[in-house]
1. Do you know which of the residues in region 112-135 that are over 19 Å from residue 149 (Cβ atoms) and buried (at least 17 other Cβ atoms within 10 Å of the Cβ) is modelled with the lowest pLDDT?
2. How many of the residues making up region 283-296 are touching a helix residue (DSSP H, G or I) at 6+ places or on another chain (Cβ under 7 Å) and either farther than 24 Å from residue 206 by Cα or at pLDDT below 95 (or both)?
3. Could you check region 137-154 and list, in sequence order, the residues that are buried (at least 23 other Cβ atoms within 10 Å of the Cβ) and under 10 Å from the mean Cα position of the chain (by Cα)?
4. Which one is surrounded by the fewest Cβ atoms within 10 Å (Cβ to Cβ) among residues in region 245-265 that are more than 14 Å from residue 210 (Cα to Cα) and touching a strand residue (DSSP E or B) at 6+ places or on another chain (Cβ under 8 Å)?
5. May I ask you to verify whether residue 7 is touching a strand residue (DSSP E or B) at 6+ places or on another chain (Cβ under 7 Å), surrounded by fewer than 16 Cβ atoms within 10 Å (Cβ to Cβ) and either within 30 Å of residue 305 (Cβ to Cβ) or modelled with pLDDT of 90 or more (or both)?
6. At least 3 residues that are farther than 30 Å from residue 162 by Cα and over 23 Å from the mean Cα position of the chain (by Cα) in each: list the helices (runs of 4 or more DSSP H) lying fully within region 15-125 that qualify.
7. Would you be able to say whether some residue in region 68-81 is surrounded by fewer than 22 Cβ atoms within 10 Å (Cβ to Cβ), in contact with a strand residue (DSSP E or B) (Cβ under 7 Å, 6 or more places away or on another chain) and under 24 Å from residue 180 (Cβ atoms)?
8. Limited to region 155-176, what total is found for residues that are free of Cβ contacts under 8 Å to residues at least 24 places away in the same chain, crowded, with 21+ Cβ neighbours inside 10 Å and not in a strand (DSSP E or B)?
């Protein structure tokens, strides 16, 4: 269950699947048992797993029976929920009525998917895109949409009306308060709080304990969401105040309180945050004397080949 794979390597895949086959999570072991790439010797090991659920999955994989959904006996699935046939649901997870889960998705134990917000009538369904992986004790409200390859940590909460693109990563103990727009390949590390009305665009990195706020006069009924443009990085323990826009390619230093818009490709830091320099002035601490920013010049792990090719072309004629 890597964040993203751009190429197939059968030897690496086999090692990875062997590692996952010893996971403490039954849902992950079931995923390995049912994966078409899992070698026969690993399937044979899983046939003697201490979980009957995993053993049954391994037995089905051995006989190539993929006609039944892979749901742990203790899970509760509403009869009207729409699950693709190969979706895996772990122990004690609840899938509510207004939910659509696409193929290849794994949801681990003790999650609640499609939690009902009683203050909203006629909510659209919660849609989880294909090949997503939701770790244990996570709660997703109905009325949100997630593209393919969503990955979460543990104890994640996502409220209604969150619309996210593909390959979103949400770290452990993150809290997305809903009414948010989130782009493709966004990375939230652990303990990130995303306030309502936030807009986070493609390829953004938000590091641990960052807070995006929305109330300029707390407590009030006024909400002014934060906007984070493409390729921005917000370092740990920073607070972005209501209505602020962080423009493309900017860097917010750790422990900053940002009360004004941040210009493109600049560094701000402090409380209140102030302009420090242009991002191009920061050098990588690897002895190469290369610029650390824009980060897409040198950091490509986990991104699609077409995006990486565009970035390489973008900087090929630049020093």
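The values are calculated or read from the model by the stated rules, or taken from the named source; none is laboratory data. If you're wondering where the values come from, they're calculated on a predicted model, not measured in any experiment. Reconstructed Cβ throughout: ideal geometry from the backbone, glycine too, with neighbour counts over all protein chains shown.
1. Narrowing region 112-135 to residues over 19 Å from residue 149 (Cβ atoms): 112, 114-125.
Pick out the ones that are also buried (at least 17 other Cβ atoms within 10 Å of the Cβ) and you get 112, 114-115, 123, 125.
Numbers: 112: 98, 114: 97, 115: 96, 123: 87, 125: 96.
Among them, the one singled out is 123.
2. Result for region 283-296: 1.
3. Keep residues of region 137-154 that are buried (at least 23 other Cβ atoms within 10 Å of the Cβ), which gives 138, 140-141, 143-144, 146, 150, 152.
If the condition is that a residue be buried (at least 23 other Cβ atoms within 10 Å of the Cβ) and under 10 Å from the mean Cα position of the chain (by Cα), then 146, 150, 152 are the ones that fit.
4. The selected residue is 261.
5. Values: touching a strand residue (DSSP E or B) at 6+ places or on another chain (Cβ under 7 Å): no; surrounded by fewer than 16 Cβ atoms within 10 Å (Cβ to Cβ): yes; either within 30 Å of residue 305 (Cβ to Cβ) or modelled with pLDDT of 90 or more (or both): yes.
Answer is no for this residue.
6. Values: elements: 26-34, 40-46, 52-62.
Qualifying helices (runs of 4 or more DSSP H): 40-46, 52-62.
7. Yes - at least one qualifying residue is present in region 68-81.
8. Within region 155-176, the first condition is being free of Cβ contacts under 8 Å to residues at least 24 places away in the same chain, and the residues that meet it are 155-158, 161-164, 168, 170, 173-176.
Still in the running and crowded, with 21+ Cβ neighbours inside 10 Å: 156, 158, 162, 164, 168, 170, 174, 176.
If we keep only those that are not in a strand (DSSP E or B) as well, we get 156, 168, 174.
The total comes to 3.
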